[in-house]
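Here's the structure we're looking at; comments come further down.
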Amino acid sequence: MTKSEFGTLILSHQSFLKQLALKLTKDAEASNDLTQETYYKAIRNSDKFQQGTNIKGWLYTIMKNTFINAYRKSKNQNTFVDETENKYFINIGQTEKVAQTDAIVDREYMMEQINSIEKAYVETFMMYYNGYKYEEISEILSIPLGTVKSRIFLARKKMQDKLKDYR
């Protein structure tokens, strides 16, 4: 199936997608953006579509996942800053992560142990810890998704082994 034939096929479900987008977003402009993003992802991944598959269901899944991912991303970005002299944070989702340890644990020793692990493992783990998704880490570091998952797992394992006395 050529890209133009595939484009014609997905355009035949335009009214369904627009209604679904409007139902999800409850905003006309946002629904148009969501519909456009769905078309873009569908065309970009047209090689993954197999003829005989329910195209409507396939498009529905793309749209739903796109909406959920955008919602999660925007939820984490809803922080308002008061521009007065004191600069208070209003409606902040989370407090900033600060490295705090128990008083009985020597923080310097812990950091030495963590930094003694291979840099590739620690770098990948810290990106994951700071909120990046596996796919984002894979893109940024230009490594396969499986390698990202493996490095994060191995970093955790190595940290547990090095810090087992402090558990």
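Conditions (1) at pLDDT 90 or above; (2) under 30 Å from L154 (Cα atoms), marked per residue:
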| residue | (1), (2) |
| --- | --- |
| L17 | yes, no |
| T25 | no, no |
| K41 | yes, no |
| F49 | no, no |
| M63 | yes, no |
| Y71 | no, no |
| T95 | no, yes |
| Q113 | no, yes |
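I'd like the full set of residues that are over 17 Å from S12 (Cβ atoms) and in contact (Cβ under 8 Å) with a residue 40 or more places away in the chain, limited to segment 24-67. The answer is L24, T25, K64, F67.
Mind checking whether some residue in segment 77-90 is modelled with pLDDT of 85 or more and over 23 Å from Y134 (Cβ atoms)?
Within segment 77-90, the subset modelled with pLDDT of 85 or more is none.
Among the residues of segment 77-90, not one is modelled with pLDDT of 85 or more and over 23 Å from Y134 (Cβ atoms), which makes the answer no.
The set of residues in segment 1-15 being among the hydroxyl-bearing types (S, T, Y) and outside any helix (DSSP H, G or I) consists of T2, S12.
Any idea which of Y39, Y71 is among the aromatic types (F, W, Y) and open to solvent by 60 Å² or more (accessible area, probe 1.4 Å)? Steps first, please.
Numbers: Y39 fails: open to solvent by 60 Å² or more (accessible area, probe 1.4 Å).
From the options Y39, Y71, the qualifying one is Y71.
Given the conditions (1) open to solvent by less than 40 Å² (accessible area, probe 1.4 Å); (2) more than 13 Å from F6 (Cα to Cα); (3) of a type in the set (S, T, N, Q), report the number of the one that S46 does not fulfil. It fails just one condition, (2).
Just the residues that are assigned to a helix (DSSP H, G or I) and either among the hydrophobic types (A, V, I, L, M, F, W, C) or open to solvent by 70 Å² or more (accessible area, probe 1.4 Å) (or both), please, taken from segment 113-133. If you could, list the steps in order and put the result at the bottom.
Going residue by residue through segment 113-133, those that are assigned to a helix (DSSP H, G or I) are 113-115, 119-129.
Once the filter is applied, which keeps residues that are assigned to a helix (DSSP H, G or I) and either among the hydrophobic types (A, V, I, L, M, F, W, C) or open to solvent by 70 Å² or more (accessible area, probe 1.4 Å) (or both), segment 113-133 yields I114, N115, K119, A120, V122, E123, F125, M126, M127, Y128, Y129.
Please tell me if I143 is within 30 Å of L9 (Cβ to Cβ) and either modelled with pLDDT of 80 or more or exposed (fewer than 10 other Cβ atoms within 10 Å of the Cβ) (or both). Here the answer is no, as I143 does not meet what is asked.
When segment 2-36 is filtered for residues that are surrounded by 13 or more Cβ atoms within 10 Å (Cβ to Cβ) and more than 21 Å from N69 (Cα to Cα), the ones remaining, listed by number, are F6, G7, L9, I10, H13.
The values are calculated or read from the model by the stated rules, or taken from the named source; none is laboratory data. Keep in mind that what you see is a predicted model, and the values were worked out from it rather than measured. No Cβ is skipped: glycine too gets one built from the backbone with ideal geometry, and neighbour counts run over all protein chains shown. Side chains included, ligands, DNA and RNA excluded: accessible areas come from the protein's heavy atoms. Shrake-Rupley method; radii C 1.70, N 1.55, O 1.52, S 1.80 Å.
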